[in-house]
Amino acid sequence: MFPTSAFPKVRFRFDRTLLIGFFILLPIHFSLAKLATAFTFPDGSTAIWPSSGVFLATMLLFGRRFWIVLLLCDFITNRLLFFNTPASFVVASLNAIDSTIISTLVVRFIPLHYPFNRAQDAIKFIAFLLPVIPFTSLVGIATQCIIGMSTWNNFWLLWLGWYVSTAVSMLIITPALLAYFQRFCTRQQFQRTLIAEFVLVLVLLVGIGCAAFWSNNPVEYLMVLPLLWSAFRLQQWQTTLLIIVMVIIAIIGTSKGFGSFAKDSVGTSLLLLQSFMSALTIATLILSAAMQENRTSASQLEQAKNELEHRVEQRTVELKQTLQELQAMQAQLVHKEKMSSLGQLVAGVAHEINNPVNFIHGNLAHVQEYTQNLLAFVALHEQYNSNPAPEILAAAEDMDLEFLQEDLPKMLSSMKSGTERIRQIVLSLRNFSRMDEAEFKAVDIHSGIDSTLMILQHRLKATSERPEIEVIKDYGILPLVECYAGQLNQVFMNILVNAIDALEEGNVKQIKDEPNRITIRTDVVDAAWVEVAIADNGIGMPSNIQQRIFDPFFTTKPIGKGTGMGMSISYQIVTENHNGQLKCYSTPNQGTEFIIQVPLQQQAHSLV
């Protein structure tokens, strides 16, 4: 907002900006000069010279390269209104020097180059006016005496008037312009409560001022009360505006001979008036800067507090999320360990059962052959020995030989079917556990699905509470798929178990009349993906549950019946371990469909 360099090189470059500034500042400076002369004292003296404050504010706002514009504006105004050409040039040069030196000190020693953000900066700004203006005032008054505009007899009194009027102008006009410009740049919003308060303070200030400077009541210093009020409560641009109102009332009243400062001696009146305005302005500006510093500190503290609360809240959310991830990871590890142990147990049991079953199954064929031979021999013996001994007839009758000859082949056939069934179950257990396939490899997806259905066969049968669950297989022609077969079998198991639970719950609630049905469909998609769709006509799920179906620890089952990790682990197996997709579509009271899509071939390094 303000110039940043402390001591820039002085260059005369009359560019477009300077030209525009010249045409703007010249009528402003001329109007202020005419306004100041309209309220002069009997000897022609003025209480303040507003142009000095405008010059300093211009340099602070737009840079010290405007010194040439200020010099020309002041020279033209002085030449037209007051002095001859040499004197006008000297006075204009002195005014430009004042503004240049003071603006340089402000830029060098005050942060952000705005003197009224802190009380110490306001004090520095006031202190910068003291050592500079006396020397330029001395040269200016000497010039007036040399050209005959003033007499040497009143030299020191004139010097004091010049010095004080310039300093007071910079104290009053410069802060007001800087405050208005800052408000414009920061786009501060009007607050209705502050507007009402500003109007109240303004009315109080004008009332006290009229009582002091229009009715000759010695209450002029009571004007400090509304000024202090504004410094405490209002914004800086409002405070500086009230200072200008106080100055206008005091100057007009005293110049017209009213108030306690109207004395017979013009010098005395002028000095008393300037001292009054300076004292009230300095006190108000310093207090206003202190309050602005407090407001800024409070705002920064509130901002830091909000930022800290936001960070704490954000960190809390991150910690909660991390905790949930750790809990999910722990549950997954426990589940995987259980599944690994279960797989080892299943594989061990299947192996231990497989050997004796194979022995029995293999020998049953020989037993059946031997039995048929023996039965044939008995029949042949009966044919050629029609009159057996009574003991043989008694023994045949006791053992019911005819029934034994008829039932024994049937019994052996049933035993062979039973051992074949046991062999299929053992094979299904081995295929499901896949303990001999630790790495991913090309496998038959249909085999894994069939093995899972074989293990769940007991849950598909009819019970006293529901009819049999019909499984419809709509298998497409699938090539071998590269995958972790055991993990995909676990996914099939979780989805099928949930489908069976949904069908059983639907039968308990009696919300459907259709037969219990699970449909399994497989197909190749885009020649690069295999798709497995498992659908049931159970109770379905509402959308709010469907959205959370893959969240860890989320379950709709009663306590003790589900951990809420089955579908979460299934989703991780499909999406992370196989770079695939697992989608769920469900309609309440109509059913649910899970669609599994995995690529036919995968890079080994992409699998976890």
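The values are calculated or read from the model by the stated rules, or taken from the named source; none is laboratory data. Model, not experiment: these values are computed from the prediction. Positions of Cβ are backbone-derived with ideal geometry, glycine not excepted, and every protein chain shown enters the neighbour counts. The area values use the complete protein model at the heavy-atom level, side chains included, leaving out ligands, DNA and RNA. Shrake-Rupley method; radii C 1.70, N 1.55, O 1.52, S 1.80 Å.
Residues to consider are ALA262, ALA250, ALA304; find the one that is more than 30 Å from ASN154 (Cβ to Cβ) and either touching a residue at least 24 places away in the same chain (Cβ under 8 Å) or small (Gly, Ala, Ser) (or both).
After ruling out the rest, the residue left standing is ALA304.
In region 384-393, which residues are modelled with pLDDT of 75 or more and either under 22 Å from LEU364 (Cβ atoms) or surrounded by fewer than 10 Cβ atoms within 10 Å (Cβ to Cβ) (or both)?
Residues satisfying the conditions are TYR384, ASN387, ALA389, PRO390, GLU391.
Conditions: (1) among the hydrophobic types (A, V, I, L, M, F, W, C); (2) assigned to a helix (DSSP H, G or I); (3) surrounded by fewer than 21 Cβ atoms within 10 Å (Cβ to Cβ); (4) touching a Phe, Trp or Tyr at 6+ places or on another chain (Cβ under 8 Å). ILE545 meets all but one. Number of the miss?
Only one criterion in (1) among the hydrophobic types (A, V, I, L, M, F, W, C); (2) assigned to a helix (DSSP H, G or I); (3) surrounded by fewer than 21 Cβ atoms within 10 Å (Cβ to Cβ); (4) touching a Phe, Trp or Tyr at 6+ places or on another chain (Cβ under 8 Å) is unmet by ILE545, namely (4).
ALA331 - would you say it is in contact with a Phe, Trp or Tyr (Cβ under 8 Å, 6 or more places away or on another chain) and either modelled with pLDDT under 80 or surrounded by 15 or more Cβ atoms within 10 Å (Cβ to Cβ) (or both)?
yes
Determine if region 501-508 includes at least one residue that is charged (D, E, K, R) and open to solvent by 60 Å² or more (accessible area, probe 1.4 Å).
yes
Identify, please: which residue in region 426-441 is open to solvent by 70 Å² or more (accessible area, probe 1.4 Å) and more than 51 Å from the chain's Cα centre (by Cα) and is, among those, modelled with the highest pLDDT?
Filtering first and then ranking leaves LEU427.
Pick out the one residue from LEU225, LEU285 that is under 47 Å from the mean Cα position of the chain (by Cα), open to solvent by 40 Å² or more (accessible area, probe 1.4 Å), farther than 14 Å from ALA47 by Cβ and modelled with pLDDT of 90 or more.
LEU225
Inside region 456-533, counting only strands (runs of 3 or more DSSP E) that do not spill past its ends, which hold 2 or more residues that are at negative phi and basic (Lys, Arg)?
By residue number, 517-525.
Return a yes/no flag: does region 186-204 have any residue that is within 38 Å of the chain's Cα centre (by Cα), polar (S, T, N, Q) and either modelled with pLDDT of 85 or more or open to solvent by less than 50 Å² (accessible area, probe 1.4 Å) (or both).
no
Would you check which residues across region 396-413 are surrounded by 11 or more Cβ atoms within 10 Å (Cβ to Cβ) and assigned to a helix (DSSP H, G or I) and list them?
ALA396, LEU401, LEU404, GLN405, GLU406, ASP407, LEU408, PRO409, MET411, LEU412, SER413
May I ask you to verify whether VAL378 is modelled with pLDDT under 75, β-branched (Val, Ile, Thr) and out of contact with any Pro (no Cβ under 8 Å at 6 or more places or on another chain)?
No, not satisfied.
Please pick out the residue among ASP551, ASP513, ASP536 that is under 43 Å from the mean Cα position of the chain (by Cα), at pLDDT below 85 and acidic (Asp, Glu).
From the options ASP551, ASP513, ASP536, the qualifying one is ASP551.
Which number in (1) in a helix (DSSP H, G or I); (2) open to solvent by less than 30 Å² (accessible area, probe 1.4 Å) marks the one condition that PHE261 misses?
(1)
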